[in-house]
Amino acid sequence: MADPSSYRPKPGQIPDSPGVYKFRDEHRRVIYVGKAKSLRQRLASYFQDLSGLHPRTRTMVTTAASVEWTVVSTEVEALQLEYSWIKEFDPRFNVKYRDDKSYPYLAVTMNEQFPRVQVMRGQKKKGVRYFGPYGHAWAIRDTVDLLLRVFPVRTCSAGVFKNAARTGRPCLLGYIGKCSAPCVERVSSEEHRELAEEFCDFMAGRTGTYIRRLESRMTDAAEEMEYERAARLRDDIEALKKAMEKSAVVLADATDADLIALAEDELEAAVQIFHVRGGRVRGQRGWVTDKVEAVTTGDLVEHALQQLYGEETGDSVPKEVLVPALPELVEPVQEWLAERRGSNVSLRIPQRGDKKALMETVQRNALQALGLHKTKRASDLTTRSRALEEIAEALDLDSAPLRIECYDISHLQGDDVVASMVVFEDGLARKSEYRRFQIKGFEGQDDVRSMHEVITRRFRRYIAEKEKTGEWADGETGLTEEDGRPKRFAYPPQLVVVDGGQPQVAAAKRALDELGIDDIAVCGLAKRLEEVWVPGEDDPVVLPRTSEGLYLLQRVRDEAHRFAITYQRAKRARRFRASPLDDVPGLGETRKQALIKHFGSVKKLRSATIDQICEVPGIGRKTAEAITVALAQAAPAAPAVNTATGEIMEDTTDTTDAADTTDAESETTAGSTGEPVSAGSSDERRGQER
């Protein structure tokens, strides 16, 4: 615990101007970001007598080891920079709203030649019109199904669209009149875009004008005795009215507004947002946060506004935002919202009438959300805490292992030997900390020796980071980069788990002993009987089958096994797809593909002269000579043989010969979790992979 006076800036050093400040801990991690109208006054408030500080603020300043600041011109710039830093550094003492799901939006891809209507989640894309969010994806699909009768906009994927264009036959929706079928040129791209614009206008709330226009056209058709067209327009009007009925009118004056309500206690706060467009509730969402800093209701509202509108522009920011309490500095927040919208935004507390009544409804939803969250979280936290306590008790640890690292070795009959390292913090997977290794100290299959190598390499890196920063020499620490991000392998675990029994545990312990590390516990989990092995013991520790601690160890072990198998399969797949062109220095994927496309196969390229290779665009004489040498040194693949006739088949190698790049680095950060398909049947892999 640090003394705030040890890093307090000197008198007069802090400017009396707007700015944003960062508190860092002893490892240089950013733990708190704040903004101030006057940096001097705000920072001085942190360095008063500790007994006068709020308990959460006191915890923050005693955890911190330094403070730094950035001066800005206006309070609006301070608000923008504070949002950017909170998003970048994810400080542990800042309010961060946790959303329990990804809300679906109705999206219209106006950035495509033929706009498409679809359900989208996740990060918003430029050039796409979004409506929502909705509570459920089925609610969007029901609405779209009704509207496609009137606005037959494309809803198919790019693959279906291209296939229909190739065959000249539209999909089913094109036949039943729910798609204008631009794929087969029933309408031009301009006519289809106009349909998409009308669809967007209707979804944006401009419904009355369009329905009146349809009613006028229906009347004209009836007067001209075109009764079939009049009946079709009548059905279109009914479909639109039915779609409108799905969202009830809550504000009679066709208001566009977002209503934000809060429910809070001493520890947590829940926020609920109702999105009202055209007087109708178009969507609803909610977040929950821990009150890790001393915050008022106005502060919580400000943080909610930052998270809600930090990535939004244009009409996504409504004309009116109704809140239960105003931030301390209303004008900068209102100006920031206006900049994001491009026009004035009203930020106020509803006092009477329909808006106040609707705010009470939103408030009731917030209270229900907080109650439900507390019920779920209590169960979750209790289970994880009990699991960690059971592990600590079974392994005779001084405290619960808040950071657990697990290692597993994977190979295919001794080939492509790799290892994985997964990290669990507070009982939850921390995927950004996952690492993977290639075994490069020896060839062949030896799980014990491989485990010793991986543990040695991982903790040698840890020691190197500590020595580099001088932490062991003078007590200073530097386990993060200058920008506050953690260095790789910088933090030690309280417990190392290996996938295996006594031999693997002994190898891991021996590696730590050789490095002089004696404050990290080691255990192994054997698959056969799920026994927990500890170093130097002849008998395993047997945890009850119903033990939460055993269940957590199994989850950690299974995750390490999954991650290792994923990497091993990907590595093997790359080896199968390797090409002699991979050994040519400076020859990238684009030029590889150009060579294969020009000659048709590696076999034909191998027989080409240097002058013929130079004819390929982008290939110079020096590169052509290197290609010729590489192909001459590489042994040609064995010819394919027709097993029925014994005939040697012609080489038909195509672009897949040059489909891959060189192998990954020896130690890499966790990437995609998808598992590439490798050669051989699933039964064969199941029996051969470790």
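The values are calculated or read from the model by the stated rules, or taken from the named source; none is laboratory data. Here the structure is a predicted model, which is why all the values come from computation and not from measurement. Cβ placement follows ideal geometry from the backbone for every residue including glycine, while neighbour counts extend to all protein chains displayed. These area figures cover heavy atoms from the full protein model, side chains too; ligands, DNA and RNA do not enter into them. Shrake-Rupley method; radii C 1.70, N 1.55, O 1.52, S 1.80 Å.
Structure summary
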quantity	calculated
Condition met for Asp315 (open to solvent by 10 Å² or more (accessible area, probe 1.4 Å), part of a helix (DSSP H, G or I) and modelled with pLDDT of 85 or more)	no
Count of the range 396-407 residues which are in a loop (DSSP other than H, G, I, E, B), open to solvent by less than 10 Å² (accessible area, probe 1.4 Å) and aliphatic (A, V, I, L, M)	0
Checklist (1) part of a helix (DSSP H, G or I); (2) open to solvent by 30 Å² or more (accessible area, probe 1.4 Å); (3) modelled with pLDDT under 85; (4) not β-branched (Val, Ile, Thr) applied to Lys466, failing item	(2)
Qualifying positions in the range 8-25 - over 20 Å from Val72 (Cβ atoms), open to solvent by 30 Å² or more (accessible area, probe 1.4 Å) and at pLDDT 85 or above	Arg8
Pairs with Cβ under 7 Å, 6+ apart, first in the range 26-50 and among the β-branched types (Val, Ile, Thr), second part of a loop (DSSP other than H, G, I, E, B) and open to solvent by less than 30 Å² (accessible area, probe 1.4 Å)	Val30/Pro91; Val30/Gly484; Ile31/Pro91; Ile31/Phe93; Val33/Pro91; Val33/Asn94
First in the range 326-354 and under 16 Å from Ala257 (Cβ atoms), second anywhere and hydroxyl-bearing (Ser, Thr, Tyr) and surrounded by fewer than 20 Cβ atoms within 10 Å (Cβ to Cβ), Cβ under 6 Å, 6 or more apart	Arg340/Thr313
The one condition in (1) open to solvent by less than 80 Å² (accessible area, probe 1.4 Å); (2) within 30 Å of Tyr434 (Cβ to Cβ) that Glu389 fails to fulfil	(1)
Scan of the range 184-203 for residues that are in contact (Cβ under 8 Å) with a residue 60 or more places away in the chain and among the hydrophobic types (A, V, I, L, M, F, W, C), ordered by number	Ala196, Phe199, Cys200, Met203
Any hit, the range 611-621, residues being open to solvent by 30 Å² or more (accessible area, probe 1.4 Å) and touching a Cys at 6+ places or on another chain (Cβ under 6 Å)	yes
Candidates Glu293, Glu339, Glu302, Glu331 - the one that is in a helix (DSSP H, G or I), touching a helix residue (DSSP H, G or I) at 6+ places or on another chain (Cβ under 9 Å) and surrounded by 17 or more Cβ atoms within 10 Å (Cβ to Cβ)	Glu302
Any hit, the range 87-96, residues being open to solvent by 50 Å² or more (accessible area, probe 1.4 Å), modelled with pLDDT under 85 and touching a Lys or Arg at 6+ places or on another chain (Cβ under 6 Å)	no
Residues being of a type in the set (Ser, Thr, Tyr) and surrounded by fewer than 24 Cβ atoms within 10 Å (Cβ to Cβ) - total across the range 408-456	3
Odd one out for Ala65 among (1) within 28 Å of His373 (Cα to Cα); (2) more than 19 Å from the chain's Cα centre (by Cα)	(1)
Residue that is modelled with the highest pLDDT [pool: residues in the range 526-585 that are in a loop (DSSP other than H, G, I, E, B), closer than 30 Å to Thr383 by Cβ and β-branched (Val, Ile, Thr)]	Val534
Pairs where the first residue, in the range 617-630, is closer than 17 Å to Thr590 by Cα and the second is of a type in the set (D, E, K, R) and crowded, with 18+ Cβ neighbours inside 10 Å, C-beta under 9 Å, 6+ apart	Pro617/Arg591; Gly618/Arg591; Ile619/Arg591; Thr623/Arg591
Index of the failed condition, Ala65 passing every other in (1) more than 23 Å from Glu302 (Cα to Cα); (2) touching an Asp or Glu at 6+ places or on another chain (Cβ under 9 Å); (3) open to solvent by less than 20 Å² (accessible area, probe 1.4 Å)	(3)
Residues that are within 23 Å of His411 (Cα to Cα) and at pLDDT below 90, drawn from the range 505-525	Leu525
Any helices (runs of 4 or more DSSP H) falling wholly within the range 156-210 and containing at least 3 residues that are among the small types (Gly, Ala, Ser)	158-167
Subset tally (residues that are among the aliphatic types (A, V, I, L, M) and open to solvent by 50 Å² or more (accessible area, probe 1.4 Å)) for the range 153-172	4
Count of the range 184-221 residues which are at pLDDT below 85, over 18 Å from Thr109 (Cα atoms) and open to solvent by less than 100 Å² (accessible area, probe 1.4 Å)	11
Residues located in the range 586-610, provided they are closer than 30 Å to Val417 by Cβ and either at pLDDT 85 or above or open to solvent by less than 30 Å² (accessible area, probe 1.4 Å) (or both)	Leu587, Lys592, Val602
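Yes/no matrix, rows are residues, columns are (1) surrounded by fewer than 17 Cβ atoms within 10 Å (Cβ to Cβ); (2) farther than 25 Å from Arg386 by Cα; (3) out of contact with any strand residue (DSSP E or B) (no Cβ under 8 Å at 6 or more places or on another chain):
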{"position": "Gln494", "(1), (2), (3)": "no, no, no"}
{"position": "Gly500", "(1), (2), (3)": "no, no, no"}
{"position": "Ala508", "(1), (2), (3)": "no, yes, no"}
{"position": "Ala521", "(1), (2), (3)": "no, no, no"}
{"position": "Trp533", "(1), (2), (3)": "no, no, no"}
{"position": "Gly536", "(1), (2), (3)": "yes, yes, yes"}
{"position": "Gly549", "(1), (2), (3)": "no, no, yes"}
